[in-house]
């Protein structure tokens, strides 16, 4: 019988190691700031032909950021999500978002 030329084998001796065991589990230190100390700015991206409005950076706890996102989504009537310290909204909503965030005492870069 012929030996398979395309056979792939693994050698699991005592000296083998896995790469994923060395990943550090340290967390980022989150600096919490009040709304009037934020310096937010807007950016826009096109994804699959549609505009996404991005606001960053927020210095809030995760729970507070989720509450803010829920409030803004309800006011805008649009979808949105949290990505690390940014909020992303469907559509071109920069002027409305700026108005709502100014009401909540957030500041923007000049």
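Every listed requirement among (1) under 17 Å from residue 106 (Cβ atoms); (2) in a helix (DSSP H, G or I) is met by residue 63 save one, (1).
Residue-by-condition table, conditions (1) in a strand (DSSP E or B); (2) modelled with pLDDT of 90 or more:
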site: 10; (1), (2): no, no
site: 28; (1), (2): no, no
site: 55; (1), (2): yes, yes
site: 69; (1), (2): no, yes
site: 74; (1), (2): no, yes
site: 97; (1), (2): no, yes
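Here the condition is being over 19 Å from residue 109 (Cβ atoms) and either touching a residue at least 12 places away in the same chain (Cβ under 8 Å) or in contact with a strand residue (DSSP E or B) (Cβ under 8 Å, 6 or more places away or on another chain) (or both); of 53, 86, 81, it holds for 81 alone.
The values are calculated or read from the model by the stated rules, or taken from the named source; none is laboratory data. These figures come from a predicted structure and were not determined experimentally. Don't worry about glycine lacking a Cβ; one is built from the backbone with ideal geometry, like all the others, and counts go over all protein chains shown.
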